1. Can you sort Glu111, Glu226 by solvent-accessible area, 1.4 Å probe, largest first?
2. For a quick protection proxy, order the peptides 122-129, 228-235 by their average other-Cβ count within 10 Å, most packed first.
3. Over all alpha-carbon pairs of the range 111-214, lay out the pair-distance distribution in 5 Å bins, whole %, shortest bin first.
4. At what distance in nm do the modelled label points of Leu185 and Ile113 sit from each other, each positioned 7 Å from its Cα along Cα→Cβ?
Amino acid sequence: MSHALGIAWDMWSVGKVAAVLLVTFILSQLLLSWLHAVRAKRIDRKVAQLCEQSPKHECQSNPPESLPVTLITGFLGSGKTCLVNRILAGDHGQRILVIENELGAISIDHELIDEQAQKNAPSGVIVLKNGCMCCTGESPGSELERVLDKLLDFSQGDSASLVFDRIVIETTGMADPSPIIQVLLRSEMNGARFRLDGVVTVVDAKNLMRHISPQGPAGFLRHRPEAEKQIAMADLLLINKVDLVDSAAMVALTCALGQLNAAAKQLRASHAAVPWKYVFEP
């Protein structure tokens, strides 16, 4: 009798634990759904604010006053920050504003800073002698929200008085760039001050294959879907570090890139050194 009672008690205990786990799972999913809905509404509100700050135009996709936005992405170690540093220090004749999403990723040579202009620059913005500027998205939230916050700041906030010709947004190495692209291509953004001009993905010629096509019995654990998404969304694939691979590896890499994104142009480089026209007009 006592044995039967013990078994019944054990079964009741297991059932109780299972019920608690089930309720916890359901509540966590409800909480995640609510947080997602709140975030979506917050993003919609920020997009609406961006459109409200835009000049009034007839309905057209690319009004003359809109500023081009170039999105630079790439997996960890690909060399995208090296490319951005070249843009900031380059002699390309454009006043480019760089929005950096990785705190401290860009190292600015003190000799490149315009000391006079820096005195009047908004907090968090570094002004260079060639007219370029850079800042870091430091607001809370996702990478997309940090970008939107910065665009709003340059439309209506403390930084609205700054003059620039183009915006370059550098994503983090593990970022999926599609949310930023989707927002900038929304129909509500037609006529907005900012328009998406191109997506440049920096590819690590030496290490990319082990991220998108890892070998070995546990290769699936090393597969990085973020790297594939970054390639798939690109207008230009900047194949960097080509000096570190042989011709056979280069053929295999270009073939893999073509399978992921046949429409994107491919450009080879070492140390991210490329003509500016290919970056800004992909």
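The values are calculated or read from the model by the stated rules, or taken from the named source; none is laboratory data. Given the structure is predicted, the values throughout are model-derived calculations rather than measurements. No Cβ is skipped: glycine too gets one built from the backbone with ideal geometry, and neighbour counts run over all protein chains shown. Ligands, DNA and RNA are excluded from the accessible area calculation, which covers all protein heavy atoms including side chains. Shrake-Rupley method; radii C 1.70, N 1.55, O 1.52, S 1.80 Å.
1. Values: Glu111 135, Glu226 45 Å².
Final ranking, largest accessible area leading: Glu111, Glu226.
2. On the way: 122-129: 16.4, 228-235: 20.9.
Highest to lowest by the protection proxy: 228-235, 122-129.
3. For the range 111-214, the binned pair fractions read 2, 10, 18, 20, 18, 14, 10, 5, 3, 1, 0 percent.
4. About 3.9 nm, to one decimal.
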